[in-house]
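The values are calculated or read from the model by the stated rules, or taken from the named source; none is laboratory data. Being a predicted model, the structure only gives us computed values, none of them experimental. Heads up, the Cβs are rebuilt from the backbone with ideal geometry, glycines too, and the neighbour counts pull from every protein chain shown. For accessibility, only protein heavy atoms count, side chains too; no ligands or nucleic acids. Shrake-Rupley method; radii C 1.70, N 1.55, O 1.52, S 1.80 Å.
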Amino acid sequence: MAQNLVPPHHIAIVMDGNGRWAKRRFLPRLAGHKQGVDVLRRCVQACAQRGVGVLTVFAFSSENWNRPQEEVSGLMELLAKALSREVPQLLRDGVQLHFVGERAGLSDKVREGLAQGEAATAHNTRLVLNVCFNYGGRWDMAQAAAKLAARGEPITETSLNAAMALAHVPDPDLLIRTGGEMRLSNFLLWQAAYSELYFSDKLWPDFDDAALDEAIAAFHARERRFGKTSEQILSAPSALARA
Ligand code: IPE
Ligand code: IPE
Ligand code: MG
């Protein structure tokens, strides 16, 4: 049934549950994060195969610095390694990589890896992959406002939107959070204004293609009204566009 339906153009995911996945196996938390990278690789391919245009994933929040030092440094190391290892596959899959977050505070090695990954994949057009790392929705809004203030520009919805870290893509259509928690944890506070929210009890390392398809099917069952009435939407399906 779902074959003829247009997939959500932009999917955003809070990849939560790595620690619990590891704990259930009596493994260190970092083993869960490593498994999480493998699942992300698979998810990127699955999204590209399904015609999704943009995938935005939450990999490390502004608040995750508060975790034990060992886990934080493990996550930094994992990112640096993943960047150098995954770029050839991203190139094969036609993925354009974007880093979204505050670069200050990251090590030179990580910053260089990010810049190289972005430059190497910049010409790809099949799928845009935004990796939110050292990212927080509040940070994004504050940095956008500060940018406009420094330029002496008026703050409007349009100017603020254009100054935000995700200005290169439209807002997410579907926002998935794995791991069973029903909160945003400072993810996409501005851009998720009209996203369809989907919460999965699956832990991120267990989030397979079938789970993605379930989320997309749930999305297709929603009626997006953008403030209008159901009757308006049903009488003019093209009115689904926000403008
Ligand atoms: C998400 O998994 C990954 C990061 C926040 C870096 P968690 O590490 O939060 O896993 P749980 O929630 O403890 O299971
Ligand atoms: C959100 O997960 C951040 C990422 C998935 C990167 P957390 O595990 O940090 O969220 P809280 O602390 O449970 O709200
Ligand atoms: Mg968590």
Q: Would you mind calculating the gained length between residue 141 and residue 206 on full extension (0.36 nm times residue separation, minus the Cα-Cα distance), in nm to one decimal?
A: 20.2 nm
Q) Measuring from a point 7 Å past the Cα of residue 193 along Cα-to-C-beta, which residues in the range 155-186 have an amide N at less than 17 Å? A) 155-175
Q) Computed FRET efficiency, Cβ-Cβ of residue 150 and residue 185, R0 35 Å: what is it to the nearest 0.05? A) 0.75
Q.
If R₀ is 25 angstrom, what is the calculated FRET efficiency for the pair residue 122 and residue 167, using the beta carbon separation as r and rounding to 0.05?
A. 0.95
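DSSP loop (so not H, G, I, E, B), at most 11 other Cβ within 10 Å: list which chymotrypsin sites (Phe, Trp or Tyr not before Pro) in the range 53-151 pass both filters.
In loop regions of the range 53-151 (DSSP not H, G, I, E or B), there are no sparsely surrounded chymotrypsin sites (Phe, Trp or Tyr not before Pro).
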Q | Count of lysine pairs in the chain with Cα separation under 28 Å (8 or more residues apart, or interchain) | A | 9
Q | Solvent-accessible area, 1.4 Å probe, carbon plus sulfur percent, for the range 2-242 | A | 54
Q. How far apart, in nm, are two points set 7 Å out from the Cα along the Cα-to-Cβ line at residue 81 and at residue 232?
A. 5.2
Q) Under the Kirkwood approximation applied to all pairs of distinct alpha-carbon atoms, what is the hydrodynamic radius of the range 115-154 in Å? A) 12.7
